[in-house]
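A.B. asks: Could you have a look at this structure, given as structure tokens, before my questions?
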Amino acid sequence: MPLETYNKEKILSMGTNQTFVFTTIYGAPRLFRSTGANRYYYMCMNDVLGLGGGGNFALCLDGDLFTGTSGPCDTFGNLCLAHSPEFELKNIEVQT
């Protein structure tokens, strides 16, 4: 899902340059840290949880937590984090 879908003036972007995303679909875990291109680390609204920005979200979970998208983004310089750009969620694990 492109970030342009959302009104950027109403988005509260949170996180720091220590925020990162990762994937294990390429074999060994692959970590993507902030590139410094922007500060779209993550955003949370009633209908979406998005990580990253600039082009696509690195990871975007719909509010129902049943579906998500992933694509390359400027924030983390990542590849698609899932097996396909659109996917259904099976499990969610959150760590703080």
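The values are calculated or read from the model by the stated rules, or taken from the named source; none is laboratory data. From a predicted model like this one, the values you see are computed outputs, not experimental measurements. Cβ sites come from the backbone with ideal geometry, for glycine too, and all protein chains shown count toward neighbours.
A.B. asks: Within the range 12-23, track down each residue that is surrounded by fewer than 14 Cβ atoms within 10 Å (Cβ to Cβ), in contact with a strand residue (DSSP E or B) (Cβ under 7 Å, 6 or more places away or on another chain) and part of a loop (DSSP other than H, G, I, E, B).
C.D. replies: Leu12
A.B. asks: Would you tally the residues in the range 67-89 being surrounded by fewer than 23 Cβ atoms within 10 Å (Cβ to Cβ), under 12 Å from the mean Cα position of the chain (by Cα) and assigned to a loop (DSSP other than H, G, I, E, B)?
C.D. replies: Residues meeting the conditions: 8.
A.B. asks: Determine whether the range 78-95 contains at least one residue that is touching a residue at least 24 places away in the same chain (Cβ under 8 Å), closer than 19 Å to Met14 by Cα and of a type outside the set (Val, Ile, Thr).
C.D. replies: Among the residues of the range 78-95, at least one is touching a residue at least 24 places away in the same chain (Cβ under 8 Å), closer than 19 Å to Met14 by Cα and of a type outside the set (Val, Ile, Thr), which makes the answer yes.
A.B. asks: For the list (1) within 17 Å of Tyr26 (Cα to Cα); (2) at pLDDT below 95; (3) of a type outside the set (Gly, Ala, Ser), I need the number of the one condition that Cys80 fails.
C.D. replies: (2)
A.B. asks: Provide a single number: the residues in the range 39-51 that are part of a loop (DSSP other than H, G, I, E, B) and within 17 Å of Val94 (Cβ to Cβ).
C.D. replies: Summing the residues that are part of a loop (DSSP other than H, G, I, E, B) and within 17 Å of Val94 (Cβ to Cβ) in the range 39-51 gives 1.
A.B. asks: Looking at Glu93, Glu86 in this structure, which one is out of contact with any Phe, Trp or Tyr (no Cβ under 8 Å at 6 or more places or on another chain) and at pLDDT below 95?
C.D. replies: Glu93
A.B. asks: Can you tell me how many residues within the range 26-54 are small (Gly, Ala, Ser) and farther than 16 Å from Ala82 by Cβ?
C.D. replies: Going through the range 26-54 one residue at a time, the tally reaches 6.
One line per residue, one yes/no per condition, for (1) in a loop (DSSP other than H, G, I, E, B); (2) crowded, with 16+ Cβ neighbours inside 10 Å; (3) touching a Leu at 6+ places or on another chain (Cβ under 9 Å):
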residue	(1), (2), (3)
Ile25	yes, no, yes
Ala37	yes, no, no
Gly53	yes, yes, yes
Leu65	yes, no, yes
Asn91	yes, no, no
Val94	yes, no, no
